[in-house]
1. Using Stokes-Einstein with the Kirkwood hydrodynamic radius over Cα pairs, what translational diffusion coefficient do you get for the chain at 20 °C and a viscosity of 1.002 mPa s, in µm²/s rounded to a whole number?
2. Can you compute the modelled spin-label distance between residue 12 and residue 192, with each label point 7 Å from Cα toward Cβ, in nm?
3. With N set to the number of residues, divide the alpha-carbon radius of gyration of the stretch 65-313 by 2.2 N^0.38 Å and report two decimals.
4. With a point put 7 Å past each Cα toward its Cβ, work out how far residue 368 is from residue 321 in nm, to one decimal.
5. Taking the Cβ of each residue in 257, 354 as the centre, tally the other Cβ atoms inside 10 Å and list the residues starting with the fewest.
6. How big is D, in µm² s⁻¹, for the stretch 316-445 by Stokes-Einstein at 25 °C and 0.890 mPa s if Rh is the Kirkwood radius over C-alpha pairs?
7. Taking neighbour counts of Cβ atoms within 10 Å as a proxy for exposure, in what order, fewest first, do 288, 111 appear?
8. Order by neighbour count: 271, 423, 202, fewest other Cβ atoms within 10 Å first, most last.
């Protein structure tokens, strides 16, 4: 037999080994994550990237050493902390912002909802955006109604959305473009007046505010992305936030295969009636863990992702502050080119945590915009287009049922003549100056 003290000794040995391993990770991260000197024209200026410090790698390694891998203690901590950070009651973690959008729209179709969305119902959205804002609308058998955006905010106006409401309209799914908040208070009231479900895509807008509230607190649900380019990262990852318990139940069921049981992972019989129910045509007392009331997905995450989210979340306010500072710096610098560039504008009372800084050429179209991108790339400055541009011009979105309200003149112009440059926290003032100088050089020669 093993002596009684061996188990305690082994635990102490494992604790010591774990501390040594995490200390080694910390020392490695301190050496590996240091900034490199910037050389204009030689160093790359990324449009977006993750910002990591030793605490992030240590936390992720700590989760690996648990050898659990599925959701565990870090997921519990991150889920609760993120809900507090976005000022909502509940958070459901998923594998990406795209999964978050699909899950939120699917939850709006759930039989649990008082008025669930049904195939053929119309959903208003912006013609400009990222495909996975609108893709779930098609995937759930709903019909998108596209509206134009304003030239300077890159968001639809409240009037444009109000005009688009028809007899079949049941919801609005709308992104805060590049972190610039749309009229959340106004849209919340408009949706309440017409009985519309509002889902906010906040994948680019974590921490943005308008009317004294966070973007993401105006709708029934809000979605977030933790991809490395976004405001914080878990590698791949995302979340849906809500307040209503019915929404939480629908989101939780759909996230986990559509199961009816709501026991947390690794825990059985929390309700105390695991073998007492009667569901559909299943035998009486069928194990509730294997009852499925939705046609769902598997959108769960790993504890390693959540462990990174815990430490990233602690830095979120600082990340947002730096994004605001960088965007303000660019706005001041680019003001000198306001006769040649359309500069972004925010609504009164808005405080964006900018994802990127958009610029639209006043003169010239797609060819001149492409030449500007190529010129900047020669100077090692990355740019991006304003996501997919006018989605109706994309091959994957043509020949699908939809409705257009009004014309899409601004969406077309943005598709032809807009780019955005970075304002993420890892950009130094020297990098920002190089961006402004290089855009100015292009404008002077073209």
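Each reported figure results from applying straightforward, stated rules to the coordinates on display, with no laboratory input. Since the structure is predicted, the reported quantities are computational estimates derived from the model, not experimental observations. Because the Cβ atoms are built from the backbone with ideal geometry, glycine has one as well, and the counts that use them run over all protein chains shown.
1. 91
2. 6.2
3. So the Cα radius of gyration is 1.02 times the expected 2.2 N^0.38 Å.
4. Once both label points are built, they end up 4.0 nm from each other.
5. Values: 257 15, 354 28.
Ranked by crowding around the Cβ, least crowded first: 257, 354.
6. Using the Kirkwood radius from Cα pairs, D works out to 154 µm²/s.
7. Going from sparsest to densest Cβ surroundings: 111, 288.
8. 271, 423, 202
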